[in-house]
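The values are calculated or read from the model by the stated rules, or taken from the named source; none is laboratory data. Computed from a predicted structure; not experimentally measured. Cβ sites come from the backbone with ideal geometry, for glycine too, and all protein chains shown count toward neighbours. These area figures cover heavy atoms from the full protein model, side chains too; ligands, DNA and RNA do not enter into them. Shrake-Rupley method; radii C 1.70, N 1.55, O 1.52, S 1.80 Å.
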Amino acid sequence: MPIYLDDEWHAFLSDETRVKRVYRDEVLIGRVRRWQVSEPGELTREWYTAERCEGSLLVQIEGKQPDFEEALQRVVFYGVAH
């Protein structure tokens with residue numbers, strides 16, 4: 001049951017978000033969304049959210065994660081369990 005994900009981040013709805021889709025055996029199981037927010041005079045803030053497939057919808061899993069790997073694990077664990 002190999003897990004694959006997009007090689008590159010893809011633009012999604014706004015300049016603040018990018019996504020990588022996650023597949024199990026070539027079936028979409030979810031995606032990781034990267035959020036980056038820059039405010040004038042401040043550093044860029046970055047966090048990630050995991051989203052699982054539920055039919056034709058993508059539903060967020062458990063809020064924000066501080067890094068990509070943690071968000072990816074949430075998608076994979078949910079995808080393997082279901």
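With all protein chains in place and a 1.4 Å probe, the accessible surface of the chain carries 50 percent carbon and sulfur. Considering only GLY30, GLY41, GLY55, the Gaussian network model of the chain with Cα springs below 10 Å gives its largest mean-square fluctuation to GLY41.
The amide H of ASP6, built 1.01 Å from its N in the peptide plane, has ARG21 as neighbours under 5 Å, considering only residues 5 or more places off or on other chains.
With charges only on Cβ, +1 for K and R and -1 for D and E, what is the dipole size of the chain about its Cα centre, in debye, rounded to 20? Please report the intermediate quantities before stating the final value.
Working: 11 positive and 16 negative charges, 47 e Å.
Dipole about the Cα centre, nearest 20: 220 debye.
Each Lys or Arg adds one and each Asp or Glu takes one away; over the other residues whose Cβ falls under 11 Å from the Cβ of ASP6, this sums to +2.
Taking θ as phi - 60° and the Karplus parameters 6.51, -1.76 and 1.60, the scalar couplings of the range 37-47 work out to 10, 10, 10, x, x, 10, 6, 6, 9, 9, 8 Hz in sequence order, x denoting glycine and proline.
Mind jotting down a quarter of the surface of the convex hull over the alpha carbons of the chain, in square nanometres, one decimal? Provide the component values of the computation, followed by the final result.
Numbers: hull surface 23.0 nm².
Dividing the Cα hull surface by four gives the mean projection, 5.8 nm².
In the chain, the sites counted are GluC sites (Glu not before Pro) in DSSP loop states with at most 10 other Cβ atoms within 10 Å, and the longest stretch holding none of them, exclusive of the sites, is 43-82. In the full protein context, the chain carries 67 Å² of accessible surface per residue, based on a 1.4 Å probe and ignoring ligands, DNA and RNA. Subtracting the Cα-Cα distance of VAL27 and LYS64 from 0.36 nm times their residue separation leaves 10.9 nm of extension gain.
GNM remark for the chain: springs join alpha carbons under 10 Å apart, and the peak mean-square fluctuation among VAL59, VAL32, VAL19 falls on VAL59.
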